[in-house]
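Reviewing the structure listed below.
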Amino acid sequence: MRLAILCSGQARQHCQMLDALLVAPDCAALCETASAVLGEPVDRWWHALDARTLFLNRNAQFAIALYQIAAWQRLSAQLPQAPAVVAGYSLGEVMAWHVAGALDAADTLALVRERARLMDTCLPPAPPGQGCMALWRGRTPPALHEARAAAMRRHGIVVAIHRPGGDWVLGGPPAAMDAFAADPAIAAADLKRLPVEVPSHTALLVGAVAPFRAALARAPLHSPSMPVIAGIDGRLQRQDSDALDSLPRQLAEPLHWDWCMETLASMAVDVAIELGPGNDLARQLETELPGSVARAVDEFADAADMGQWLAAHA
């Protein structure tokens, strides 16, 4: 078995996501850590959120980070062998360095909170219901390809994430994204607005790059125990210094998740677990790597079931 751990990004969080974690005895110490980072009890913070405020960047990033740290804490105890590699999608790339042992839980949560704060200072937040990103799905016929390029130029929309199969995640200011989505020239497109409040991985966030690099430089980074795939170019990162380059840059540069998939294929990865929430990355891996099997933590009733599934594929 060549096992990969996949760390999800934003958009799949939900209002019940942390409920069980917050009362689980095995997560009590982690919840105390989260409360210390937040400066208030994490359960009080969580239960004050609703279906709208959960998707605000500052809340979404922290909640997903906490969920993934807990998921990895439980999963790591069930592994029959060490993972070969870890890859993270967007915010998940920060989490990948935690999985690789380069950052502890407290430092990871603090960095995620600072990352969100810095991103939010780059431009005004999107109005409720007006996300800054959209998923363009499927390969594009030539005529629609030209119409897309023209509409993107017309409205100031750029590619934020290159995904396998011709999918793009597009980003731009909320008003620009509204105009782009309503443009009759691309009415035939399979376009899905994403509930993401900031245009991540675009030049609009360049103001967050240097301050986040400084925050990373202050953090006690350690060398990773396994390779971490860089989202911006798919390369394998094996030194703590690599994080100081790739993690700040990915805030304002497009990600190449398609190249990350190629790297996973080149490593002969055949089993993967996605930390969640959601199973988007697991489904992509099974599609792109024939013969592979992948599941998300969300798909198992408990950690013991994960362990049994992994043992069956070892």
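Taking H placed 1.01 Å from N in the peptide plane, check which residues at least 5 places from residue 274 or on another chain put their amide H under 5 Å from its amide H.
Here the answer is 6, 295, 296, 297, since their amide H atoms fall under 5 Å of that of residue 274.
If you count, for each residue, the other Cβ atoms within 10 Å and average over each peptide, how do 146-157, 19-30, 191-202 line up from highest to lowest? Don't skip to the end; give the middle numbers.
Working: 146-157: 16.6, 19-30: 13.9, 191-202: 22.4.
Packing proxy ranking, top to bottom: 191-202, 146-157, 19-30.
With contacts defined as alpha carbon pairs under 8 Å and 6 or more residues apart, what's the relative contact order of region 133-194 in percent? The partial results should precede the final answer.
Working: 91 pairs, mean separation 31.0, N = 62.
Across region 133-194, relative contact order equals 50 percent.
Might you report the magnitude of the Cβ-based charge dipole of region 133-194 about its Cα centre, with Lys and Arg at +1 and Asp and Glu at -1, to the nearest 20 debye? Before the final figure, lay out the partial values.
Values: 8 positive and 5 negative charges, 23 e Å.
Here region 133-194 has a charge dipole of around 100 debye.
Counting only helical runs of four or more DSSP H residues, what would the 222 nm mean residue ellipticity of the chain come to if each run contributes -39,500 (n - 2.57) and the total is spread over all its residues? Kindly include the intermediate steps, with their values, before the conclusion.
Values: 13 runs with 143 residues, N = 314.
Helix-only estimate at 222 nm: -14000 deg cm²/dmol.
Classify region 155-199 as rounded, prolate or oblate from the Cα gyration tensor: take a ≥ b ≥ c as the square roots of its eigenvalues, call it rounded if a/c is under 1.5, otherwise prolate when a/b beats b/c and oblate if not.
Details: a/c = 1.77, a/b = 1.09, b/c = 1.62.
Oblate, because a/c is 1.5 or more while a/b does not exceed b/c.
Rounded to the nearest 20 Debye, what is the dipole magnitude of the chain about its Cα centre when Lys and Arg each give +1 and Asp and Glu each give -1 at the C-beta?
Numbers: 24 positive and 33 negative charges, 142 e Å.
In debye, rounded to 20, the chain gives about 680.
Subtracting the Cα-Cα distance from 0.36 nm times the residue separation, let me have the gained length for residue 14 to residue 145 in nm, one decimal.
Details: separation 131, 0.36 × 131 = 47.16 nm, distance 3.39 nm.
That works out to 43.8 nm of additional length.
Excluding residue 282 itself, what net charge comes from residues whose Cβ is under 12 Å from its Cβ, given Lys and Arg +1 and Asp and Glu -1? List each step's numbers first, then the result.
Values: positive: 12, 283, 295; negative: 274, 280, 286, 288, 298, 299.
Taking every other residue near residue 282 into account, the sum is -3.
Just to be sure I understand, if you calculate volume of the Cα convex hull per residue in Å³ for this structure, which of (1) 152; (2) 134; (3) 122 do you get?
(3)
Compute the separation of the alpha-carbon centres of region 101-120 and region 130-148 and state it in Å as a whole number.
So the separation of the two Cα centres works out to 32 Å.
Measuring from centroid to centroid over Cα atoms, what is the spacing of region 153-210 and region 11-50 in Å?
A separation of 31 Å, based on Cα centres.
For residue 50, project a label point 7 Å along Cα to C-beta. Then give me every residue of region 1-29 with its amide nitrogen under 16 Å of that point.
Only 15-16 fall inside the zone, counting backbone N under 16 Å.
Using all alpha carbons of region 50-202, what is the percent of pairwise distances in each 5 Å bin, ordered from the shortest bin to the longest?
Calculated P(r), rounded to whole percents: 2, 9, 16, 18, 15, 13, 12, 8, 5, 2, 0.
Hey, rough spin-label estimate for residue 241 and residue 23, points 7 angstrom out along Cα→Cβ, what's it come to in nanometres?
Output for this residue pair reads 5.0 nm.
Let me check I've understood the local charge: for residue 33, count other residues with C-beta under 11 angstrom from its C-beta, Lys and Arg +1, Asp and Glu -1. What total comes out?
Values: positive: none; negative: 32, 104, 107.
Within the 11 Å Cβ shell, the charges total -3.
To the nearest 0.05, what FRET efficiency results for residue 182 and residue 210 with a Förster distance of 41 Å applied to their C-beta separation? Don't jump to the answer; show the numbers that get you there.
On the way: r = 35 Å, r/R0 = 0.86.
The formula returns an efficiency of 0.70 here.
Laboratory data are not the source of any read-out in this text; all were calculated from the coordinates shown. Everything quoted here is computed from the prediction, not taken from an experiment. Because the Cβ atoms are built from the backbone with ideal geometry, glycine has one as well, and the counts that use them run over all protein chains shown.
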